[in-house]
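The values are calculated or read from the model by the stated rules, or taken from the named source; none is laboratory data. No experiment lies behind these values; they were computed from the predicted model shown. Glycine also receives a Cβ, built like all others from the backbone with ideal geometry; neighbour counts cover every protein chain displayed.
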Amino acid sequence: MKTSKVQLLRNPDIQPTSDVVAKALGEANAPYIKFLDELENHDIQLVWRYYTDGKSWLGKGLHKRIGVRGGQSEKTVFWLSIWNRFFRVTIYIPEKFRLDVFNLPLDDYVKQMITDSKQMGKLKFFPLIFDLNSDEMIEMVFVLIDFIKSI
């Protein structure tokens, strides 16, 4: 089935419940569920919020940890959006860690994505965008998520 790149979940009054997301994703819901299950294994919480600037619901992957002095901190490790028949995971890597990412156990396709990715204007990050409608790339996404958690 051909996927069209149409972002969904644009109504601020309709919460992104599991039923709403399942209907939007169709066959891609099974990989989405696998992705959500794996988040628990990596101590990441997915928090949904409606953003008026982009006029859509976005999921923010948060990693909460307790620092050496007992203080809590949280780090956004990825952003998630729902599209017609796929979900998009966007990971922002600090530019100063670009070379370090090449040392991760990533396949050639992802390494090419890193090479091709451009820094975002004056921001010192480069985005890696994964459009997922199967579980084929989920392992690579979590390698990158764990890297972001560690820096």
Discussion item. Being surrounded by fewer than 19 Cβ atoms within 10 Å (Cβ to Cβ) and touching a helix residue (DSSP H, G or I) at 6+ places or on another chain (Cβ under 9 Å) narrows it down to one residue among 41, 11; which is it?
Written reply: 41
Worksheet item: Can you spot a residue in the stretch 59-80 that is in contact with a Phe, Trp or Tyr (Cβ under 7 Å, 6 or more places away or on another chain) and farther than 16 Å from residue 145 by Cβ?
Response: no
Worksheet item: With 114, 138, 145, 151 as the choices, which residue is buried (at least 16 other Cβ atoms within 10 Å of the Cβ) and either more than 22 Å from residue 83 (Cα to Cα) or more than 16 Å from the chain's Cα centre (by Cα) (or both)?
Response: 114
Practice prompt. Restricting attention to strands (runs of 3 or more DSSP E) lying wholly within the stretch 32-119, give those where 2 or more residues are farther than 14 Å from residue 138 by Cα and of a type in the set (Val, Ile, Thr).
Written response: 44-51, 72-83
Practice prompt. Output yes when any residue across the stretch 122-132 is out of contact with any helix residue (DSSP H, G or I) (no Cβ under 8 Å at 6 or more places or on another chain), among the charged types (D, E, K, R), modelled with pLDDT of 95 or more and exposed (fewer than 12 other Cβ atoms within 10 Å of the Cβ), and no when none is.
Written response: no
Response to the item:
Checked against (1) more than 18 Å from residue 134 (Cβ to Cβ); (2) touching a Pro at 6+ places or on another chain (Cβ under 8 Å), residue 72 satisfies every condition except (2)
Worksheet item: Does the stretch 128-151 hold any residues that are under 26 Å from residue 27 (Cβ atoms), not acidic (Asp, Glu) and not in a loop (DSSP other than H, G, I, E, B), and which are they?
Response: 128, 129, 130, 132, 138, 140, 141, 142, 143, 144, 145
Discussion item. Looking at the stretch 22-39, I want the residues that are under 10 Å from residue 133 (Cβ atoms) and have a partner that is surrounded by fewer than 14 Cβ atoms within 10 Å (Cβ to Cβ) with Cβ atoms under 6 Å, at least 6 apart or on another chain. Which pairs are those?
Written reply: 31/134
Discussion item. Just to check your reading of the model, which residue among 25, 9 is assigned to a loop (DSSP other than H, G, I, E, B) and hydrophobic (A, V, I, L, M, F, W, C)?
Written reply: 9
Discussion item. Whether any residue in the stretch 76-92 is surrounded by 19 or more Cβ atoms within 10 Å (Cβ to Cβ), more than 27 Å from residue 14 (Cα to Cα) and out of contact with any Ser or Thr (no Cβ under 9 Å at 6 or more places or on another chain) is what I want to check.
Written reply: no
